[in-house]
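S.K.: My questions all concern the structure below.
The values are calculated or read from the model by the stated rules, or taken from the named source; none is laboratory data. Keep in mind that this is a model prediction, so the values were computed, not measured. Cβ atoms come from the backbone with ideal geometry, glycine included; neighbour counts cover every protein chain shown. Just the protein is used for accessible areas: all its heavy atoms, side chains included, with ligands, DNA and RNA removed. Shrake-Rupley method; radii C 1.70, N 1.55, O 1.52, S 1.80 Å.
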Amino acid sequence: MTEHFDPSIIVARDVDKIYPNGCHALKRVSLEINRGEVVVIIGPSGSGKSTFLRTLNQLETISDGDIRIDGISLTDKRTDINKVREEVGMVFQSFNLFPHKTALQNVMLAPMKVLKKSREQAEKKGRELLYKVGLSERMHSYPSQLSGGQQQRVAIARALAMMPKIMLFDEPTSALDPEMVGEVLDVMKSLASDGMTMVVVTHEMGFAREVADRVVFMEEGELVFEERPERFFESTSNERLQRFLGQVL
Amino acid sequence: MQKQYNPLLWNAIFAVILLGLGYGIYAASKSIDYTWRWERIPQYLISTDPTEIRSPFDGTVVVEQGGKRVLVDPDSGDEPFVVEKFDLLLADDGDIVFEGDAVAGIEEWRLGPIGWGLLTTLKLSVVSLVFAMVIGLFTGLARISDNPALRNLAITYIELIRGTPLLVQIFIFYFFIGTVLDLDRFTAGVAALAVFTGAYIAEIVRSGIQSIPPGQMEAARSLGMNYVQAMTNVILPQAFKRTLPPMAGQFINLIKDSSLVSVIAITDLTKAGREVVSSTFAPFEVWFTVALLYLVLTGALSWAVQRLEKRLAASD
Ligand SMILES: Nc1ncnc2c1ncn2[C@@H]1O[C@H](COP(=O)(O)OP(=O)(O)O)[C@@H](O)[C@H]1O
Ligand SMILES: [Mg+2]
């Protein structure tokens, strides 16, 4: 832990990831993210965006380099990775809600089991969070009874219940029908305006433009280019980025 | 177009075929001059014969209090043998009785040999099942572990058990392990059944866990849960639900396989059946009864599992 105030909460230095099958998914990726910052990562499929996001909470171990979360090195053997994960919430493309539990139970589970909160405390917090994401009415529904957009909002509430300092989003709207994208993005926007540190992989360029403090472009495992959004989309200096934007916009 | 079957007609045909089969059995027994003696069967399930109270020594019977109390005065002049609770008097005042003679009887219901056999089979199955589930759960988890020692141990155990006949395993447990560890027959039988069934349950547990999408484990871990917390709260409850049907099949097999332990002289339902046959000369009735009792056990189990499945279906 640092004594004085350190503005950066995520520091990735020269991160390399080689999967056991030999796939070189990340090549010397370095990125520093400040508290309260919203960083959007874009790039073609297979460029290593998910892999990078997953290294930030150690769902993937890294092959070389170092990652520090709030001053704690993930490569240090003495680091309790479960403690770090409590501070880093994650939202997946496929929601990954626990299907055998209701929306409220999904949100209550980790605070009770990991933070050892009482049932009453966990339920109070769970109800608050489900209210915040607009799902008070569907609290006792099972995931199979909810729409994709509703499920993803429950997943966000579930991650928030651990009171994380950082939220990671891996294409949170890619599996949704178009009419449900907005409701999820709205929740994410309000989270950003609350000052949450967010790293978001998405193809929603509108969200990047509107909410991001910085946009990062990845390609073939490399972090190619990063810029403030208002400059990012107008930038003509990078040929690879131009080609990609030409395809998606 | 799918063919429409008239349910009434075809159910009637089903009933006629069943009746025909029943008549076939009856006719077959007629052709070999078999006399059915079903009336002999109930006493082997539940016996209503009075329990006899026997004199512990030679002596003279004294009936007191108008037949409410009976005692035997020993020839040796020691303390008399007193019986106060009984339902029927089997000796008269002044009778000379020898050691082991019945003096009185108590009317009560007792399990007959087949009843005891049923109880033994039930006990054998339930105890083996509990151990088999514990063995199966841990072996299944070891089977998918990243640790090569655990994984290979699990694979070796599963292959050894699945590659050899249960009957041979029972003999090994009884004659080898049972002798080395000084196990009684029942314990050896339970151990053999539990170890055998555990190997199959391990494979069911493994496939159940592997059928849960990896995203479930990732979501649980990303919330800060450790491996054990994620397994017990997220993965196993889902796997449990999916494995209920094959698990039920395995439990039913266990009940039926338990009949094999009769070879090490455990008087389970099958062995009781064999003993009763040799004393009644009513083999058909006895074996049909034994089969029916096995059906009752397995049927009750299927029914219970189906109810559980319905209850767990709430989140589908
Ligand atoms: N578990 C894995 N094992 C092996 N290779 C993987 C695995 N996950 C991803 N990859 C490979 O790593 C590269 C980056 O993948 P990913 O991070 O999923 O990209 P993106 O999210 O940008 O589409 C791809 O070439 C992919 O095939
Ligand atoms: Mg991806």
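S.K.: Does region A:85-107 include one or more residues that are hydroxyl-bearing (Ser, Thr, Tyr) and more than 13 Å from chain B (Cβ to nearest Cβ)?
M.R.: To start, the set of residues in region A:85-107 that are hydroxyl-bearing (Ser, Thr, Tyr) comprises A:94, A:102.
Then drop every residue that is not more than 13 Å from chain B (Cβ to nearest Cβ), which leaves none.
Within region A:85-107 (the criterion being hydroxyl-bearing (Ser, Thr, Tyr) and more than 13 Å from chain B (Cβ to nearest Cβ)), the answer is no, since none of the residues qualifies.
S.K.: Taking A:PHE225 as the residue in question, decide whether it is out of contact with any helix residue (DSSP H, G or I) (no Cβ under 9 Å at 6 or more places or on another chain) and either over 29 Å from A:PRO111 (Cβ atoms) or within 14 Å of chain B (Cβ to nearest Cβ) (or both). Quick ask: steps written out before the conclusion?
M.R.: Numbers: out of contact with any helix residue (DSSP H, G or I) (no Cβ under 9 Å at 6 or more places or on another chain): no; either over 29 Å from A:PRO111 (Cβ atoms) or within 14 Å of chain B (Cβ to nearest Cβ) (or both): yes.
Spelling it out, it is not the case that A:PHE225 is out of contact with any helix residue (DSSP H, G or I) (no Cβ under 9 Å at 6 or more places or on another chain) and either over 29 Å from A:PRO111 (Cβ atoms) or within 14 Å of chain B (Cβ to nearest Cβ) (or both).
S.K.: So, of the residues in region B:267-295 that are surrounded by 14 or more Cβ atoms within 10 Å (Cβ to Cβ) and among the polar types (S, T, N, Q), which turns out to be farthest from the other protein chains (Cβ to nearest Cβ)?
M.R.: The qualifying residue farthest from the other protein chains (Cβ to nearest Cβ) is B:THR280.
S.K.: Checking B:PHE86 against (1) outside any loop (DSSP other than H, G, I, E, B); (2) outside the structural domain of B:ALA239 (by TED's automatic domain parsing); (3) hydrophobic (A, V, I, L, M, F, W, C): exactly one of these is not met. Which one?
M.R.: (1)
S.K.: Of all the helices (runs of 4 or more DSSP H) wholly in region B:147-232, which have at least 2 residues that are open to solvent by less than 60 Å² (accessible area, probe 1.4 Å), farther than 30 Å from B:ILE252 by Cβ and within 14 Å of chain A (Cβ to nearest Cβ)? Give the derivation first.
M.R.: Details: elements: B:148-162, B:166-171, B:185-210, B:214-222, B:227-230.
Here the list reads B:214-222, B:227-230.
S.K.: Ok, one more. Which one of B:VAL127, B:VAL83 is in contact with a helix residue (DSSP H, G or I) (Cβ under 9 Å, 6 or more places away or on another chain) and open to solvent by less than 60 Å² (accessible area, probe 1.4 Å)? Walk me through it before giving the result.
M.R.: Details: B:VAL83 fails: in contact with a helix residue (DSSP H, G or I) (Cβ under 9 Å, 6 or more places away or on another chain).
Every option except B:VAL127 fails the conditions.
S.K.: Of the residues that sit in region A:161-207 and are more than 16 Å from ligand 2 (Cβ to nearest atom), within 14 Å of chain B (Cβ to nearest Cβ) and touching a residue at least 24 places away in the same chain (Cβ under 8 Å), which one is most open to solvent (accessible area, probe 1.4 Å)?
M.R.: If we filter region A:161-207 for residues that are more than 16 Å from ligand 2 (Cβ to nearest atom), which is where we start, we get A:161-167, A:177-198, A:205-207.
Among the residues that remain, those that are also within 14 Å of chain B (Cβ to nearest Cβ) are: A:161-167.
Then drop every residue that is not touching a residue at least 24 places away in the same chain (Cβ under 8 Å), which leaves A:161-162, A:164-167.
Details: A:ALA161: 2, A:MET162: 12, A:PRO164: 13, A:LYS165: 79, A:ILE166: 2, A:MET167: 0 Å².
Applying the filter and picking the extreme gives A:LYS165.
S.K.: Does any residue of region A:99-122 turn out to be among the basic types (Lys, Arg), more than 16 Å from ligand 1 (Cβ to nearest atom), out of contact with any Lys or Arg (no Cβ under 9 Å at 6 or more places or on another chain) and part of a helix (DSSP H, G or I)?
M.R.: Taking region A:99-122 first, the residues among the basic types (Lys, Arg) are A:101, A:113, A:116-117, A:119.
If we keep only those that are more than 16 Å from ligand 1 (Cβ to nearest atom) as well, we get A:101, A:113, A:116-117, A:119.
Next, from what is left, pick out any that are out of contact with any Lys or Arg (no Cβ under 9 Å at 6 or more places or on another chain): A:101, A:113, A:116, A:119.
Okay, now just the ones that are also part of a helix (DSSP H, G or I), so A:113, A:119.
Scanning region A:99-122 turns up at least one residue that is among the basic types (Lys, Arg), more than 16 Å from ligand 1 (Cβ to nearest atom), out of contact with any Lys or Arg (no Cβ under 9 Å at 6 or more places or on another chain) and part of a helix (DSSP H, G or I).
S.K.: Could I ask something else about it? Exactly one condition in (1) among the hydroxyl-bearing types (Ser, Thr, Tyr); (2) open to solvent by 40 Å² or more (accessible area, probe 1.4 Å); (3) under 11 Å from the mean Cα position of the chain (by Cα) is not met by B:THR298; state its number.
M.R.: Answer for B:THR298: the failing condition is (2).
S.K.: All but one of (1) within 30 Å of B:TRP109 (Cα to Cα); (2) open to solvent by 70 Å² or more (accessible area, probe 1.4 Å); (3) touching a residue at least 12 places away in the same chain (Cβ under 8 Å) hold for B:ASP75; which doesn't?
M.R.: Evaluating B:ASP75 over (1) within 30 Å of B:TRP109 (Cα to Cα); (2) open to solvent by 70 Å² or more (accessible area, probe 1.4 Å); (3) touching a residue at least 12 places away in the same chain (Cβ under 8 Å) leaves (1) as the failure.
S.K.: Return the pair list, or none, for Cβ contacts closer than 8 Å from residues in region A:16-31 that are more than 30 Å from A:ASP213 (Cα to Cα) to residues that are surrounded by 12 or more Cβ atoms within 10 Å (Cβ to Cβ), at least 6 apart or on different chains.
M.R.: From region A:16-31, the pairs are A:TYR19/A:ALA25.
S.K.: Next question, about the same structure. Please find, among B:THR243, B:THR197, the residue that is without any contact (Cβ under 8 Å) to a residue 40 or more places away in the chain, closer than 23 Å to B:GLU159 by Cα and not charged (D, E, K, R). I'd like the intermediate steps shown before the answer.
M.R.: Values: B:THR197 fails: without any contact (Cβ under 8 Å) to a residue 40 or more places away in the chain.
The unique qualifying residue is B:THR243.
S.K.: Quick one: which of B:LEU312, B:LEU295, B:LEU244 is part of a helix (DSSP H, G or I) and within 30 Å of A:LEU115 (Cβ to Cβ)? Break it down stepwise before answering.
M.R.: Numbers: B:LEU295 fails: within 30 Å of A:LEU115 (Cβ to Cβ); B:LEU244 fails: within 30 Å of A:LEU115 (Cβ to Cβ).
Sole residue among the options that is part of a helix (DSSP H, G or I) and within 30 Å of A:LEU115 (Cβ to Cβ): B:LEU312.
S.K.: Restricting the search to region A:35-64, which residues are among the hydrophobic types (A, V, I, L, M, F, W, C) and either near ligand 2 (Cβ under 9 Å from one of its atoms) or within 14 Å of chain B (Cβ to nearest Cβ) (or both)?
M.R.: Step one: list which residues in region A:35-64 are among the hydrophobic types (A, V, I, L, M, F, W, C), which gives A:38-42, A:52-53, A:56, A:59, A:62.
Of everything in region A:35-64, those that are among the hydrophobic types (A, V, I, L, M, F, W, C) and either near ligand 2 (Cβ under 9 Å from one of its atoms) or within 14 Å of chain B (Cβ to nearest Cβ) (or both) turn out to be A:LEU53, A:LEU56, A:LEU59.
S.K.: Among the numbered criteria (1) part of a helix (DSSP H, G or I); (2) open to solvent by less than 20 Å² (accessible area, probe 1.4 Å); (3) more than 16 Å from ligand 1 (Cβ to nearest atom), which single criterion is violated by A:GLU210?
M.R.: So A:GLU210 meets the others, but not (2).
S.K.: Let me ask something else. Out of A:GLY48, A:GLY71, I need the residue that is of a type in the set (Gly, Ala, Ser) and either surrounded by 14 or more Cβ atoms within 10 Å (Cβ to Cβ) or within 12 Å of ligand 1 (Cβ to nearest atom) (or both). Which one?
M.R.: Details: A:GLY71 fails: either surrounded by 14 or more Cβ atoms within 10 Å (Cβ to Cβ) or within 12 Å of ligand 1 (Cβ to nearest atom) (or both).
Sole residue among the options that is of a type in the set (Gly, Ala, Ser) and either surrounded by 14 or more Cβ atoms within 10 Å (Cβ to Cβ) or within 12 Å of ligand 1 (Cβ to nearest atom) (or both): A:GLY48.
S.K.: Have a look at B:ILE252, B:ILE264 and point out the one that is open to solvent by less than 30 Å² (accessible area, probe 1.4 Å) and among the hydrophobic types (A, V, I, L, M, F, W, C).
M.R.: Working: B:ILE252 fails: open to solvent by less than 30 Å² (accessible area, probe 1.4 Å).
That would be B:ILE264, the only listed residue that is open to solvent by less than 30 Å² (accessible area, probe 1.4 Å) and among the hydrophobic types (A, V, I, L, M, F, W, C).
S.K.: Looking for something surrounded by 12 or more Cβ atoms within 10 Å (Cβ to Cβ), more than 16 Å from ligand 2 (Cβ to nearest atom) and under 20 Å from A:GLY89 (Cβ atoms) - is there at least one such residue anywhere in region A:12-29?
M.R.: yes
S.K.: Would region A:55-66 turn up any residue that is closer than 20 Å to A:ILE156 by Cβ and either more than 16 Å from ligand 1 (Cβ to nearest atom) or touching a residue at least 40 places away in the same chain (Cβ under 8 Å) (or both)? Reasoning before the result, please.
M.R.: Within region A:55-66, the subset closer than 20 Å to A:ILE156 by Cβ is A:56-57, A:59.
Next, only the ones that are either more than 16 Å from ligand 1 (Cβ to nearest atom) or touching a residue at least 40 places away in the same chain (Cβ under 8 Å) (or both) stay: A:56-57.
Among the residues of region A:55-66, at least one is closer than 20 Å to A:ILE156 by Cβ and either more than 16 Å from ligand 1 (Cβ to nearest atom) or touching a residue at least 40 places away in the same chain (Cβ under 8 Å) (or both), which makes the answer yes.
S.K.: Of all residues in region B:1-51 being open to solvent by 100 Å² or more (accessible area, probe 1.4 Å) and under 29 Å from the mean Cα position of the chain (by Cα), which is nearest to B:VAL277 (Cα to Cα)?
M.R.: Residue satisfying both the conditions and the ranking: B:TRP38.
S.K.: Does A:ARG158 meet the test of being under 27 Å from A:ALA192 (Cβ atoms), touching an Asp or Glu at 6+ places or on another chain (Cβ under 8 Å), at pLDDT 95 or above and within 12 Å of another protein chain (Cβ to nearest Cβ)? Full working, then the answer.
M.R.: On the way: under 27 Å from A:ALA192 (Cβ atoms): yes; touching an Asp or Glu at 6+ places or on another chain (Cβ under 8 Å): no; at pLDDT 95 or above: yes; within 12 Å of another protein chain (Cβ to nearest Cβ): yes.
Spelling it out, it is not the case that A:ARG158 is under 27 Å from A:ALA192 (Cβ atoms), touching an Asp or Glu at 6+ places or on another chain (Cβ under 8 Å), at pLDDT 95 or above and within 12 Å of another protein chain (Cβ to nearest Cβ).
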